[in-house]
Structure formats: C-alpha cells, structure tokens
Amino acid sequence: MAKLTPWQMVVEALKAEGIDRVFGLPGNPLHFVADLNQHSDIKPVLVRHEHSGAALAYATARMTGHPAVCFANPGPGISGEIILLDGICLLFFFISDISSFVP
C-alpha cells in the first residue's frame, strides 16, 4: 500500500462518506484541492468569500439531507466561516469544515 499524504487521507475519508463536492476558498489548503482533482471524483466548488462556501454547504445539506463539507484558509478565513457555521449548527445540519494550520 502506498503512503498517503495527510490531504489524501482526508480525501479518502470524504469519499468513504459519500461526499461528492466541497465548497470553499482555495489558498492555504491548496494541496487539498490538488488532491481532490488528482485522486477522486469529488468536485471542489470554488467561491470568492468564506461565507459563500459555508452557505453553499448549508444549502446542499438542507436540500439533500446528507452531510456537506466546506473549507477555508486559517486565520481570518476560518473566522469568517465560523460565524455562519455557528448559526447553521443551531439548525442541526451536518456540515464539516476543513482548514489547515501553518506554524
């Protein structure tokens, strides 16, 4: 079995959960988007603002009844996304958020 990078492991976990698309603003998790394109059929839906990624994930979860995934850059990006995700969690929808940390 070949060694997987951490982002490839995330992609494999998303595939195992049946996720078919993720929403977010590319940037620091750039390897995540590259691994999505190279190692899976999961489509990254790129947005212009972190709120949009969370809103699209919420709409997808609400319309399909399945979990949805959004991603953002660390720092201000994740801060902007968390504001919207906080309200979404109160509505009991399953949305996962992926970010990375660079020391």
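Observations on the model:
- Checklist (1) aliphatic (A, V, I, L, M); (2) outside any helix (DSSP H, G or I); (3) surrounded by fewer than 20 Cβ atoms within 10 Å (Cβ to Cβ); (4) modelled with pLDDT of 80 or more applied to LEU56, failing item: (2)
- If the condition is being free of Cβ contacts under 8 Å to residues at least 60 places away in the same chain, touching a Pro at 6+ places or on another chain (Cβ under 9 Å) and within 18 Å of GLN8 (Cα to Cα), then segment 28-72 contributes HIS31, VAL33, LEU36, ASN37, PRO44, PHE71, ALA72.
- Among (1) more than 15 Å from VAL69 (Cβ to Cβ); (2) outside any helix (DSSP H, G or I); (3) of a type in the set (A, V, I, L, M), the one test that VAL45 misses: (1)
Conditions tested, residue by residue: (1) assigned to a helix (DSSP H, G or I); (2) surrounded by 21 or more Cβ atoms within 10 Å (Cβ to Cβ); (3) hydrophobic (A, V, I, L, M, F, W, C); (4) under 13 Å from the mean Cα position of the chain (by Cα).
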{"residue": "LYS3", "(1), (2), (3), (4)": "no, no, no, no"}
{"residue": "GLU12", "(1), (2), (3), (4)": "yes, no, no, no"}
{"residue": "GLY18", "(1), (2), (3), (4)": "no, no, no, no"}
{"residue": "PRO26", "(1), (2), (3), (4)": "no, no, no, yes"}
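The values are calculated or read from the model by the stated rules, or taken from the named source; none is laboratory data. As the structure is a computational prediction, the values presented were derived from the model and not from experiment. Reconstructed Cβ throughout: ideal geometry from the backbone, glycine too, with neighbour counts over all protein chains shown.
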